[in-house]
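The values are calculated or read from the model by the stated rules, or taken from the named source; none is laboratory data. Nothing here was measured: the structure is a model prediction, and the numbers come from that model. Ideal geometry is used to build each Cβ from the backbone, glycine not excepted, and the neighbour counts take in all protein chains shown.
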Amino acid sequence: MKFNIKVALIIAIFTSCMLLFITAILLYKGHEHLMMLHITDSEELIHHFDLALRETALWSIGLLIIVILISSLLIAKALTRPIQELNHFALRLVRGDRNLNISYTINDPIGQLGHSLIKLDETLSSYEWRRKEMTQDLAHEIRNPLASIKSYLSAFEDGVWEATPDRLQACVEEIDRLIILVGELDTLNDINNPTFKIIMKEHPIASLIEKSIIALASELLEKDIHVKLDLDKTIYAKVDALRLNQILHNIIKNSMYHVQKEGTIFIKLLKNNGSYTIIVHDNGIGMDEETSQKIFLRNYRAKNRYTGSGIGMTITKKLVEAHGGNISVKSEKDIGTTFYIQMPIST
C-alpha cells in the first residue's frame, strides 16, 4: 500500500471514530433530556424524535465520512509530497546524479532535511570533482618518470646501454621523484578535503624560518648557494609550524632550482599592522610574465630548467590561504624572483 494511502486511512479512521463517538453522545443526551419532559402521548413523540435523530445522524455521518475520505486523501497527498520528493532526490543521488534542486523550501523539519540533502549533494559533487582531479594529477605526474624508467630498462634489456652506476642512479632518482610526487599529491588531497584543519599555536616566526633553512643546509652547501637573513625576532604569531615549514621549504626549493651556482637567497621577516610579511628573494634566472602569473596553478611548469612536479606551489598557496594569508610573486628574467607571504599575527 502506498504511503499517502496509509496516511489518508489513518486520518479517516481517526476522524470517523471521533465523529461516531460524538454522534452517540448527542443521540444519548438528546433522548435523555426528552425523557425528562412530561408530555402527553410522550411515547409516540419520543419514538419519532429518536427516529429523526437517528436518520439525521446516519445522513450526517455518511456525508461526513465521504468528506473525511476525500479531505484525508488531499491532506495525505499534501503531507507526503515533500517526503516523496526527498525520497526521489535521495534515489537520484544514489544513481549518481548531481547538482539537483528541491522545490520544497519551507523552514520546517522536512525543509531542513531537504537542505541537508542539498548539502550532501554539494559535498558528494566536491568529493567526486577532487577524485577526478586527483586521478588526472596522478596520470599526468606519474607518466613522465615511469616513461623515463621504462626507457632506461628497455635500453638495458636490449643491450643498447650498459647498466653503469650513473645510469642506475638516474633510475633511482626517477623513483625518488615518484615517491616525492605521491607525497605531494597526498598532501594536496588532504588540503582540498573539507575537513582539513591546521593546528594553530603561537611560535617565534624567525625561529621557524631558521629551522627551515637548517633542514635544507646540505643541499644549499652542495649547490654553493648563500643564504642571507634579516629577521625580526620579536614577531610571535599563531601558525601551524609544520605547515609553515612546508611553505618555506617549497619556496626555498623553488629558488634553489632557479639560482645559479654561488647565487644568493635573501629572506626577510618584517612586521606590518596586525600582520607580518616573509620576503624570499633570489638572484636566479627569474621567470617570464606568463610563469609569474601561472606558477600557482596546478601542474604548471615553466619552460626552463625547473623539474618540479607542478603542484608544489599550488600546495604552498593553499597552505598560506589556510592561515588566512596571501602569497604573491614578482620576477624578471635574468634578474631574480621575489615571493611575498603576508599572514595575520593572530587568527
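Selection of region 275-296 for residues being out of contact with any His (no Cβ under 6 Å at 6 or more places or on another chain), farther than 16 Å from M313 by Cα and part of a loop (DSSP other than H, G, I, E, B) yields N283, D288. Candidates are the residues of region 285-327 that are at pLDDT below 85 and charged (D, E, K, R); the one that is nearest to the chain's Cα centre (by Cα) is R298. Whenever a residue of region 309-320 is assigned by TED's automatic domain parsing to the domain that holds L297, its partners that are surrounded by fewer than 20 Cβ atoms within 10 Å (Cβ to Cβ) and modelled with pLDDT of 90 or more, lying with C-beta atoms within less than 7 angstrom and at least six residues away or across chains, give the pairs V320/N326.
Entry remark, region 61-84: residues being more than 16 Å from I13 (Cα to Cα) and among the polar types (S, T, N, Q) number 2 in total.
Listed here are the residues, each with its yes/no results for (1) out of contact with any helix residue (DSSP H, G or I) (no Cβ under 7 Å at 6 or more places or on another chain); (2) modelled with pLDDT of 90 or more.
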site: I179; (1), (2): yes, no
site: L188; (1), (2): no, no
site: I199; (1), (2): yes, no
site: I205; (1), (2): yes, yes
site: A237; (1), (2): no, yes
site: I247; (1), (2): no, yes
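Here L73, L58, L91 are screened, and the one residue that is in contact with a helix residue (DSSP H, G or I) (Cβ under 8 Å, 6 or more places away or on another chain) and aliphatic (A, V, I, L, M) is L73.
Given the condition in a helix (DSSP H, G or I), surrounded by 13 or more Cβ atoms within 10 Å (Cβ to Cβ), modelled with pLDDT under 80 and of a type in the set (F, W, Y), answer yes or no: does some residue in region 99-114 qualify? There is no residue in region 99-114 that is in a helix (DSSP H, G or I), surrounded by 13 or more Cβ atoms within 10 Å (Cβ to Cβ), modelled with pLDDT under 80 and of a type in the set (F, W, Y). Would region 268-277 turn up any residue that is farther than 25 Å from P344 by Cα and either out of contact with any strand residue (DSSP E or B) (no Cβ under 6 Å at 6 or more places or on another chain) or surrounded by 18 or more Cβ atoms within 10 Å (Cβ to Cβ) (or both)? Within region 268-277, none of the residues are farther than 25 Å from P344 by Cα and either out of contact with any strand residue (DSSP E or B) (no Cβ under 6 Å at 6 or more places or on another chain) or surrounded by 18 or more Cβ atoms within 10 Å (Cβ to Cβ) (or both).
Report those helices (runs of 4 or more DSSP H) wholly inside region 181-270 carrying at least 2 residues which are under 30 Å from W129 (Cα atoms) and either free of Cβ contacts under 8 Å to residues at least 12 places away in the same chain or charged (D, E, K, R) (or both).
On the way: elements: 205-215, 217-222, 241-258.
So the answer is 241-258.
Name the single residue, out of those in region 152-166 being outside any loop (DSSP other than H, G, I, E, B) and surrounded by 14 or more Cβ atoms within 10 Å (Cβ to Cβ), that is modelled with the lowest pLDDT. Spell out the reasoning first.
Start the filter on region 152-166 by keeping residues that are outside any loop (DSSP other than H, G, I, E, B), which leaves 152-158, 165-166.
Okay, now just the ones that are also surrounded by 14 or more Cβ atoms within 10 Å (Cβ to Cβ), so 152, 155-156.
Values: Y152: 81, A155: 84, F156: 84.
Top of the filtered list is Y152.
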